[in-house]
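Beneath this line is the structure, given in structure tokens, with notes to follow.
The values are calculated or read from the model by the stated rules, or taken from the named source; none is laboratory data. This is a predicted model, so every value here is computed, not measured. When we count neighbours, we look across all protein chains shown, and the Cβ atoms used for this are built from the backbone with ideal geometry, even at glycine. What goes into the accessible areas is simple: the full protein's heavy atoms, side chains included, and nothing from ligands, DNA or RNA. Shrake-Rupley method; radii C 1.70, N 1.55, O 1.52, S 1.80 Å.
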Amino acid sequence: MKSRLLHTIWAPLTATLLNLVLAYACYQIARVAYLLDNWQYLKNAVTWEAWQGGLVFDTAAIMLTNGLYIVLMLLPVLPKERRWWHVACRWLFVVVNSTALVMNLADAAYFPYTMRRTTTTVFSEFSNEGNLGGIVATELIAHWYMVVLAVGVIWAMWRLYTTPAIDRRKTGAMRYAMATTLSLLVMLPLVVAGVRGGFATAVRPITVSNANQYVSRPTDAALVLNTPFAMYRTIGKDVFTVPDYYADTSAMERVYSPLHVPTDTLPMEKRNVVVLIVESFGREYIGALNTTLENSKYEGYTPFVDSLVQNSVTFTHTYCNGRKSIDGMPSILSSIPMFVEPFFLTPAAMNRLSGLAGVLGAEGYQTAFFHGAQRGSMGFMAFARSTGFDAYYGREDFEADKRFGGSGEFDGMWAVWDEPFLQYYAAKMSEMKEPFMTAVFTASSHHPYHIPEKYKDVFKDDGVLPIHKCIRYTDYALRRFFEKASREKWFSNTIFVLTSDHTNQSCHAEYLTDIGGFSSPIIIYAPGDERLTPRMEDKTAQQIDIMPTVLGLLHYGKPYVAFGKDVLQKDKEETWAVNYLNGIYQYVKNDHVLQFDGARTTAVYALSDSLMQHNMVGKVDSQMQMEQELKAIIQQYMYRVTNDELVAH
């Protein structure tokens, strides 16, 4: 059958597919060699799930690196069917895939030093090595068997390569053109989908951090990845450069350190922790947090959350640390802000990480992350795995639970509607062993701003912003969640934190400014906890404060790394917030916001100047101190993410 196909108008497609299978075989051989060479490190990664993940990343690398080859093979031009053309294609295929093979095999030797796949940072890492040739030669000798394997596989690739055998004299040019054009039209979408990691709307182009969703340990992600993918996905991503604001490390540490060494001598209170991350739930939409807007007549769109605020602790100025969902997750759950680029889209995502789940999991907590979208969406599953969550529950898990509405509750675009998914969330927590720590990420308050059909006449569009009806619906879903949770035995022993991943559409000028666009709620509710008597504290808080504040409430006593602070244990003058916007760092403290471009302060505004109209740079007494503190925060961040110092030793 193969022989006959190679003599028909479909020969170019047949040969291309067979050769791509050959490329897959090379990647799989390299993965087995990588595993065996590092068996002591990676033996726990030998799972079917990890191997499936490997195919996803291999597809991305193969489709990208062989894109030109595929096009050349399928060009709808009959005169190309000549010997010299196919010799050139053969060389291109073998050279490209041999290079990929060598990269994978060489990286097997490098893995014990880095515990991760090599990225483009390797070039700067060894840029000043004068004996690089000697290092390479030494490793080649030590890993001679890899050299033998590479030579053998490359030889086999050359021998097994398939060349189409079309007789141009007996083949109709029109029929050939139609067949190859159709082949191209079929292959190109497959190539694009392969490079992205799938066809689904909710799946972003995969990055190195997505490998974590297929394994239970960050180290094991190296087996899922391949080196060509890790290299090309980090080209131009060397975004973290350590500045030299402080030459004296001890001086920097005195100004700011993210290493928390608790002095609390009270025994740890193992209360449950529940973090609700509500999609796009900006502070602007919550009437109880906007009593000064429109002469206090502004009601907002969240009657339930308004009532929750009256029974909770919150703060006068609360901010998110990024503007995207992928920024919010590390900030909220691991106290890692977004500086320059989303942390989880950079090579630093492969560092050793922790967070609320990892810290509390080590104390005997059962941990789980919930997101109503399909597994892999937004990279949340990978994030959850890498930061210590025991379990991940997504759309597939919800639909498999016979107690709920199955696929009929899918919104058709992103995820399960908030109301049923939050009911599922509450039900699953009731099945968990206490103490537990969970987080949920909702999805309904999101573009294209739809709500379930049955609520179209309940939460109507008020004509101001399309998102408002979604906010009303999500607020209702939160009400239903708390109603259900309040009937569960674990409720009174739980600390709830409600925040948003980021902000969204705004209609008030105060929220359209540089800093206003980061205004997210931070609401802490703990029924029965006398320490958290309902109040609004005159302080500045941010997403990265959530982790240390919760650990403080639990009297956690071990060292940990978190870029935020325990806001409940700080005086107003010690509270602050930081974020990054288009090349500018913003630092909020002492009722001012300072803007810094990495070299100098460009603006200082009073928070009372809600529209940021009066730049007071050089006129504020605290400007110098604020700038020095911000420099220490930036330098600590850059140093720790580039040197894998995000966990306490």
What accessible area per residue comes out for the chain, rounded to a whole number of Å², with a 1.4 Å probe?
42
What is the dipole size for the stretch 394-543, taken about its Cα centre, with +1 at each Lys and Arg Cβ and -1 at each Asp and Glu Cβ, in debye to the nearest 20?
400
When only alpha-carbon atoms are used, what values of Rg and Dmax, in angstrom, describe the stretch 537-588?
12.1, 38
Which order do the peptides 145-154, 578-587 take when ranked by the mean count of other beta-carbon atoms within 10 Å per residue, highest first?
578-587, 145-154
Sequence ranges 430-438, 283-291, 261-269, 245-253, ranked by mean other-Cβ count within 10 angstrom, highest first
283-291, 430-438, 245-253, 261-269
Measuring from its Cα centre, the stretch 269-420 shows a charge dipole (+1 at each Lys and Arg Cβ, -1 at each Asp and Glu Cβ) which, in debye to the nearest 20, is 440
Cβ-Cβ FRET estimate between D248 and D644, R0 fixed at 30 Å, reported to 0.05
0.85
Could you work out [θ]222 nm for the chain from helices alone, using -39500 (n - 2.57) per DSSP H run of at least four and dividing by all its residues? Round to the nearest 500 deg cm²/dmol.
-12500 deg cm²/dmol
Going by amide H atoms built from the backbone, whose H comes under 5 Å of the H on I495, apart from near neighbours?
N272, V273, V274
If one takes the longest principal axis of the Cα atoms in the chain, at what angle in degrees, from 0 to 90 and to the nearest 10, does the Cα axis of helix 144-160 lie?
60
Placed amide H near Y393: partners under 5 Å, 5+ positions off or other chain
F369, F370, H371
Violations at 19 Å Cα threshold for listed pairs K270/K489; K402/K454; K402/K489; K324/K484; K589/K619; K402/K428 -> K402/K454; K402/K489; K324/K484
Once the piece of chain linking H614 and L581 is laid out straight, how much longer is it, given 0.36 nm per residue of separation minus the C-alpha distance between them?
10.0 nm
Viscosity 0.890 mPa s, temperature 25 °C: Stokes-Einstein D of the chain from its Kirkwood Cα radius, in µm² per second?
91
Per 5 angstrom bin, beginning at 0 and ending with the bin that holds the maximum distance, the Cα pairs of the stretch 285-397 fall in percents of 2, 10, 16, 16, 16, 16, 13, 7, 4, 1
For the stretch 488-612, restrict the atom set to alpha-carbon positions and state the Rg and Dmax in Å.
16.4, 54
Between the residues T503, W490, P521, the Cα farthest towards the positive end of the dipole of the stretch 469-538, that dipole coming from +1 and -1 charges on the beta-carbon of Lys, Arg, Asp and Glu, is from W490
Tell me, in nm to one decimal, what length is gained between R175 and N493 on full extension, where the rule is 0.36 nm per residue of separation less the Cα-Cα distance?
107.2 nm
Computed FRET value (nearest 0.05) for M268 with T533, which takes r as the C-beta separation and R₀ as 22 Å
0.50
Once the dipole of the stretch 360-405 is set up from charges on Cβ (+1 Lys and Arg, -1 Asp and Glu), the residue from the list A382, L360, F398 lying farthest towards its positive end is F398
Can you give me the solvent accessible area of E573 with a 1.4 Å probe, rounded to the nearest 10 Å²?
120
If N is the number of residues in the stretch 445-557, what value comes out of its Cα radius of gyration divided by 2.2 N^0.38 Å?
1.28
Apply the Karplus parameterisation 6.51 cos²θ - 1.76 cosθ + 1.60, with θ equal to phi minus 60°, to every residue of the stretch 447-459 and state each ³J(HN,Hα) to the nearest whole Hz, in sequence, with x for glycine and proline.
3, x, 6, 10, 10, x, 4, 5, 10, 4, 8, 9, 10
Karplus (6.51, -1.76, 1.60) ³J(HN,Hα), θ = phi - 60°, over the stretch 48-54, in Hz, Gly and Pro reported as x:
5, 5, 5, 5, 4, x, x
With a 1.4 Å probe and all protein chains kept in place, how do E488, E419 rank by accessible area, largest first?
E488, E419
If you take the charge dipole of the chain about its Cα centre, with +1 on Lys and Arg Cβ and -1 on Asp and Glu Cβ, which of P452, A45, Y637 is farthest toward its positive end?
A45
Please list F410, F281, F304 in order of solvent-accessible area, largest first, computed with a 1.4 Å probe with all protein chains present.
F410, F304, F281
Let me have the relative contact order for the chain, percent, based on Cα pairs under 8 Å that are six or more residues apart.
18
Accessible carbon and sulfur surface of the chain relative to its total accessible area, %, 1.4 Å:
57
Taking 0.36 nm per residue of separation between V151 and K460 and subtracting their Cα-Cα distance, the length gained on full extension comes to 104.5 nm
Computed from the beta carbon distance with a Förster radius of 51 Å, FRET efficiency for Y110 and T602 to the nearest 0.05 stands at 0.75
For C26, what accessible area in Å² do you get when you roll a 1.4 Å probe over the heavy atoms of the protein chains, rounding to the nearest 10?
10
What is the set of long-range amide H partners of E269 at a cut-off below 5 Å, with H atoms built 1.01 Å from backbone N?
H555
Viscosity 0.890 mPa s, temperature 25 °C: give me the Stokes-Einstein translational D for the stretch 372-418 in µm²/s, with Rh taken as the Kirkwood radius over C-alpha pairs.
220
Which whole-number percentage describes the relative contact order of the stretch 225-368, with Cα contacts under 8 Å and a sequence gap of 6 or more?
17
Would you please put 317-327, 612-622, 561-571 in order of how densely packed they are, using the mean number of other Cβ atoms within 10 angstrom per residue and starting with the highest?
317-327, 561-571, 612-622
Rh (Kirkwood, all Cα-Cα pairs) for the stretch 186-345, Å, reads 20.7
The convex hull of the Cα atoms of the stretch 390-449, divided by residue count, gives a volume in Å³ per residue of 87
Nothing charged except the Cβ atoms of Lys and Arg (+1) and of Asp and Glu (-1): what's the magnitude of the dipole of the chain about its Cα centre? Round to the nearest 20 debye.
3060
Applying the Karplus parametrisation 6.51 cos²θ - 1.76 cosθ + 1.60 with θ = phi - 60° to the phi angles of the stretch 552-569, what ³J(HN,Hα) value in whole Hz is obtained for each residue in order, glycine and proline being reported as x?
x, 5, 8, 6, 5, x, 10, x, 7, 9, 7, 7, x, 9, 6, 5, 6, 9
